[in-house]
1. So which of Val131, Val101, Val110 is more than 22 Å from Glu29 (Cα to Cα) and of a type in the set (A, V, I, L, M)?
2. Looking at (1) closer than 23 Å to Glu162 by Cβ; (2) buried (at least 19 other Cβ atoms within 10 Å of the Cβ); (3) more than 10 Å from the ligand (Cβ to nearest atom), which is the only condition Thr72 fails?
3. Could you count how many residues in region 18-43 are touching a Phe, Trp or Tyr at 6+ places or on another chain (Cβ under 9 Å) and within 9 Å of the ligand (Cβ to nearest atom)?
4. What is the residue count in region 243-259 for residues that are touching a Lys or Arg at 6+ places or on another chain (Cβ under 8 Å) and under 16 Å from Arg294 (Cα atoms)?
5. For region 181-207, how many residues are open to solvent by 80 Å² or more (accessible area, probe 1.4 Å) and among the hydrophobic types (A, V, I, L, M, F, W, C)?
6. Considering only region 236-257, I want to know if a residue exists there that is among the charged types (D, E, K, R), surrounded by fewer than 15 Cβ atoms within 10 Å (Cβ to Cβ), on the phi > 0 side of the Ramachandran plot and away from the ligand (no atom under 13 Å from the Cβ).
7. Taking into account only those residues within region 114-132 that are touching a residue at least 24 places away in the same chain (Cβ under 8 Å), open to solvent by 30 Å² or more (accessible area, probe 1.4 Å) and not polar (S, T, N, Q), which is nearest to the ligand (Cβ to nearest atom)?
8. If I filter region 11-65 down to residues being among the charged types (D, E, K, R) and more than 23 Å from Arg158 (Cα to Cα), which single residue comes out as surrounded by the fewest Cβ atoms within 10 Å (Cβ to Cβ)?
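The values are calculated or read from the model by the stated rules, or taken from the named source; none is laboratory data. Quantities reported herein were computed from a predicted structural model and do not represent experimental measurements. With ideal geometry, Cβ positions are generated from the backbone for all residues, glycine too; neighbour counts draw on all protein chains shown. Surface areas here come from the heavy atoms of the whole protein model, side chains and all, with no ligands, DNA or RNA. Shrake-Rupley method; radii C 1.70, N 1.55, O 1.52, S 1.80 Å.
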Amino acid sequence: MTGAIRPPATIAFIGLGMMGRPMARRLAEAGFALRIFDVSQKAVSEFVGLCPAAVATASPRAAAQGAALLVTMLPDGKIVRDAVVTGRDAAREDLAAGALVIDMSSSNPVDTAQLARDLAARGIATLDAPVSGGVKRAIDGSLSIMVGGGAADLDRARPALEAMGKTITLCGSVGAGHALKALNNFLSASSLVAMCEALVVGEAFGLDPGTMVDVFNSSTGRSNSTEVKGRQFVVSRSFNAGFAASLMAKDLRTAADVATHLKVNMPMLAEAARYWTEADRALGKSADHTEIMRYAETLAEKSG
Ligand code: NAD
């Protein structure tokens, strides 16, 4: 099937969490018809409260009915594959040949390649299009979107992606977006840990954390972590950026898996994956990723 998928075409949207909710809302506001599914009834009802025209459905398969495009925004690639291909009432059963699936979750590229093969067998194309920018940029539709797949499929998806993101980059074939997203989060997670460790050491020295962040932001230590997360989520100790530590740990393991798969030994990456996995375990299930500051503080206590 060719031609851009434009409003009022129907989009099936699966996964209405911190990111999925604002992204699906942008699609509704752009004029797409939405069929939605989430295992959390609360997430579905909240979304219908925001966008009453959205049709709530009982399974991924039901959501897929009549959809030209299916978007997933789920925790990881295994859950995506289950919802789209292998699970009970998986979306693929009712997706028309010629439909397009876009996995916008931060998935492992190995899972993505398998997903694309499974769907291609039914004449359904796949793009991976993970995002960066967090909840704030999901709300205002200015996400950075990293796409893996064919250029013609990206052209079909462009009106929907443009409703959600500002920068859309074709990174390579299927899986390339997911690989780049994991590597991006290696940088993001590492700069966040570096900032937190610097704050812990600086405070022990007697420096004021707010002053430290202000100086980083006007100096060469500046990063997205210092600028966007420093004062707002870490120094304030609100720790409510809206991105779970468990998801960041998963992204670090994905990046390390990619390196291992390619037999490229990168010691800082391996250490970052180990550090975040242990932090995730120590911080507990519902921790925000900015609570990595608390983890750094416990390490400092233990070393004291
Ligand atoms: P979230 O945990 O807030 O949302 C995930 C949603 O998926 C939940 O509503 C959950 O009920 C639903 N879900 C889980 N299993 C399901 C299933 N089998 N079928 C249907 N629904 C299911 O997570 P999030 O923060 O929205 O992140 C989603 C994806 O986006 C992740 O891959 C994450 O790594 C990535 N991401 C998150 C952020 C962020 O700032 N939060 C930024 C960029 C990328």
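1. Details: Val131 fails: more than 22 Å from Glu29 (Cα to Cα); Val101 fails: more than 22 Å from Glu29 (Cα to Cα).
Every option except Val110 fails the conditions.
2. Going through (1) closer than 23 Å to Glu162 by Cβ; (2) buried (at least 19 other Cβ atoms within 10 Å of the Cβ); (3) more than 10 Å from the ligand (Cβ to nearest atom) one by one, Thr72 breaks only (3).
3. Of the residues in that region, 7 qualify.
4. Selection size over region 243-259: 1.
5. 5
6. Yes: region 236-257 contains one or more residues that are among the charged types (D, E, K, R), surrounded by fewer than 15 Cβ atoms within 10 Å (Cβ to Cβ), on the phi > 0 side of the Ramachandran plot and away from the ligand (no atom under 13 Å from the Cβ).
7. If we take residues in region 114-132 being touching a residue at least 24 places away in the same chain (Cβ under 8 Å), open to solvent by 30 Å² or more (accessible area, probe 1.4 Å) and not polar (S, T, N, Q), then Arg122 is nearest to the ligand (Cβ to nearest atom).
8. Looking at residues that are among the charged types (D, E, K, R) and more than 23 Å from Arg158 (Cα to Cα), I get Lys42.
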